[in-house]
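This report concerns only the one structure given below.
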Amino acid sequence: MKPIRVLIVDDSPVVRRLLREVISFDDGFTVVAEAINGQDAVEKVMLCQPDIVTMDIQMPVLNGFEATRRIMTTNPVPIVVVANDTTAEELNITFKALQAGALTVLEKPRLLQSGGFAAMARRLTQTLRLMSEIHVVRRHRDSDRDEVAPPLTTNDPLRWRRGRLPELVAIGASTGGPQAILTLLRGLPANYPVPIVVVQHIAPGFAAGMATWLDSESALSVTLATDGAPLVPGRVALAPAG
């Protein structure tokens, strides 16, 4: 079996070296190139044709969102965002990159104690292996601006089929699910008559940012779930990490 070809994108030489060592330690991968900013990433995707890209967010010349958007509209390839969860600005760009076509987000590796670092490294390679198998398609530049669904009417089949509504809608998604959840929630109106709960497999530190992103991009109210909070029709509760 051929090794998975990886392009590493990060403006930090230290982070690039760390990612290279983690990824190259697994015989199932080979790092074909490194890019030092988003523009460099766009060019090296065309040149090297990697199977998957690890994408930084805050970079000079071109940030991770713009780089992702350009790659997915010109030479689509699976992209995994590798980011910090420290600032609102970084979280905002991170989820815009997911909206532009990146598949999932992972916490940027840090020099932790051996046990923590080993777990983080394992999570990185497992995610890259899984995401590299996903077939991605070219996206139009305006494909992230879907229209919000119109309000439900009394003739809507969901409201009247079988005479009663379900009490709850529960959505579960694994790695790579944020895009699908956004698409689903965007198809529901603000007056959706049933409470919704969502469990999304996402790296620690990113759940609150995801709730904010989904809330801003759909007609429904999306918040991070808290213990004892009531479930309300037209509102979405996203499970926190853990």
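The values are calculated or read from the model by the stated rules, or taken from the named source; none is laboratory data. Computed from a predicted structure; not experimentally measured. As a convention, Cβ positions derive from the backbone with ideal geometry for all residues, glycine included, and neighbour counts pool all protein chains shown. Ligands, DNA and RNA are excluded from the accessible area calculation, which covers all protein heavy atoms including side chains. Shrake-Rupley method; radii C 1.70, N 1.55, O 1.52, S 1.80 Å.
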Defining a contact as two alpha carbons under 8 Å apart and six or more residues distant in sequence, what relative contact order in percent does the chain show?
15
Residues with amide H under 5 Å of A35's amide H, sequence separation 5 or more or different chain, H placed in the peptide plane at 1.01 Å from N; which?
I8, V9, D10
Rounded to the nearest 10 degrees, the helix 64-74 long axis (Cα) sits at an angle to the longest Cα principal axis of the chain of 90
What order, most packed first, do the peptides 167-177, 185-195 have when packing is the mean number of other Cβ atoms within 10 Å of each residue?
185-195, 167-177
Amide H to amide H under 5 Å from I52: which residues, 5+ apart in sequence or cross-chain, H placed 1.01 Å off N in plane?
R5, L7
Net charge contributed by nearby residues that have their C-beta within less than 10 Å of L62 (K/R +1, D/E -1):
0
For segment 1-63, alpha-carbon Rg over 2.2 N^0.38 Å:
1.06
Residue separation between D27 and A170 times 0.36 nm, minus their alpha-carbon distance, gives in nm 47.6 nm
Just by accessible area at a 1.4 angstrom probe, what is the order of T54, T73 from largest to smallest?
T73, T54
Local net charge near V232, Cβ-Cβ under 15 Å (Lys/Arg +1, Asp/Glu -1)
-1
What does the charge count near L128 come to, summing +1 for each Lys or Arg and -1 for each Asp or Glu among other residues with Cβ under 13 Å from its Cβ?
+2
In square angstrom, rounded to the nearest 10, how much accessible surface does E21 have for a 1.4 Å probe?
100
Distance in nm between pseudo-label sites at T183 and A241 (7 Å out along the Cβ direction from Cα)
2.7
With Cα coordinates, the longest principal axis of the chain makes an angle with the long axis of helix 38-48, in degrees rounded to 10, of 70
Per the Cα gyration tensor, the chain corresponds to an equivalent ellipsoid with semi-axes, largest first in Å, of 35, 20, 15
Could you tell me what a quarter of the Cα convex hull surface of segment 179-242 works out to, in nm² with one decimal place?
4.0
On a full-extension model of 0.36 nm per residue, what is the gain between S12 and V61, subtracting their alpha-carbon distance, rounded to one decimal in nm?
16.3 nm
Please give the contour-minus-distance gain from V199 to T73: 0.36 nm per residue of separation, less the Cα-Cα distance, rounded to one decimal in nm.
42.4 nm
Return one whole number: the accessible area per residue of segment 29-119 in Å², for a 1.4 Å probe.
37
